[in-house]
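What follows draws every value from the coordinates through simple rules; no lab data is involved. Values in this document were obtained by computation on a predicted structure and should not be read as measured data. Please note: Cβ atoms are built from the backbone with ideal geometry, for glycine as well, and neighbour counts cover all protein chains shown.
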Amino acid sequence: MKRLGIVVVVCSLFAVGCESTTENPVSPSNQVILAAQMSGSQEVPLASAPEANGVGTVQIVMTPAAGGAYSATFSFSIAGLVRAGVLPAPLDSGSVIVAGHIHRAPAGVAGPVVVPLPISQAAPLVSPTGSVVVSFSNVTVNADIASAILADPAGYYINLHSALNPAGVVRGQLVRQ
């Protein structure tokens, strides 16, 4: 009987611990980190000169939000882009990043956009040094897309698009860290 009592107490404590986790699902321990090694050689079609040597990394920290959605922070470090003064005017300001997205597709295949980033032709990133180091916070990833990405990160890629390479200048398949 003593053993049964101990088992009941242990199970009760376990159940209480599980219950408190479901009451507060948003905590740093629930964050998921994804990353990608990005390059112009992974783009489909390949990035062209003079931006073909673009390389870099991205880290994506996804934090659970209400309703199964996630809030994501994207941190990029990209190099090997065009420096200011290399190209003739009006392109002499360096590489101009005009869009960024997560797409659904395996390596070597172009796919549809599933998560847009807050970069546009109206709000571009300009790299006069040929490098970009930037972070975007509070990007909403809806519940269905977040579940799909977390279930199969390698089935998704992230890329940045430039004025010179509108199909994409650097790309990398996602990997869970």
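A quick yes/no check of all residues on (1) among the aliphatic types (A, V, I, L, M); (2) within 22 Å of S41 (Cβ to Cβ):
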residue	(1), (2)
P106	no, yes
A123	yes, no
V126	yes, no
V132	yes, yes
S137	no, no
V141	yes, no
A146	yes, no
I149	yes, no
Q177	no, no
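I'm checking my understanding of the structure. Among residues of the stretch 31-55 that are among the polar types (S, T, N, Q) and surrounded by 17 or more Cβ atoms within 10 Å (Cβ to Cβ), which one is nearest to S162 (Cα to Cα)? If we take residues in the stretch 31-55 being among the polar types (S, T, N, Q) and surrounded by 17 or more Cβ atoms within 10 Å (Cβ to Cβ), then S39 is nearest to S162 (Cα to Cα). For the stretch 89-144, a tally of residues being of a type in the set (D, E) and either farther than 19 Å from L174 by Cα or crowded, with 19+ Cβ neighbours inside 10 Å (or both) returns 1. A Cβ distance below 6 Å, combined with a sequence gap of six or more or placement on separate chains, defines the contacts here; from the stretch 66-77, residues that are touching a residue at least 40 places away in the same chain (Cβ under 8 Å) reach residues that are in a loop (DSSP other than H, G, I, E, B) in the pairs A69/N142; S71/A65.
Pairing each residue of the stretch 131-158 that is under 11 Å from I60 (Cβ atoms) with any residue that is assigned to a loop (DSSP other than H, G, I, E, B) and aliphatic (A, V, I, L, M), provided the two are 6+ apart or on different chains, yields C-beta distances under 6 Å for F136/L117; P153/L174; Y156/L174.
Scanning the stretch 68-88 for residues that are surrounded by fewer than 15 Cβ atoms within 10 Å (Cβ to Cβ) and either in contact with a helix residue (DSSP H, G or I) (Cβ under 6 Å, 6 or more places away or on another chain) or polar (S, T, N, Q) (or both) yields a total of 1. Within the stretch 47-62, is there a residue that is farther than 23 Å from S95 by Cα and more than 19 Å from the chain's Cα centre (by Cα)? So far as the stretch 47-62 goes, no, none of its residues is farther than 23 Å from S95 by Cα and more than 19 Å from the chain's Cα centre (by Cα).
Quick one: is I158 in contact with a strand residue (DSSP E or B) (Cβ under 6 Å, 6 or more places away or on another chain), crowded, with 20+ Cβ neighbours inside 10 Å, outside any strand (DSSP E or B) and of a type outside the set (S, T, N, Q)? It is false that I158 is in contact with a strand residue (DSSP E or B) (Cβ under 6 Å, 6 or more places away or on another chain), crowded, with 20+ Cβ neighbours inside 10 Å, outside any strand (DSSP E or B) and of a type outside the set (S, T, N, Q).
Of all the listed residues (R171, R83), the sole one being closer than 18 Å to S48 by Cα and touching a Pro at 6+ places or on another chain (Cβ under 9 Å) is R83.
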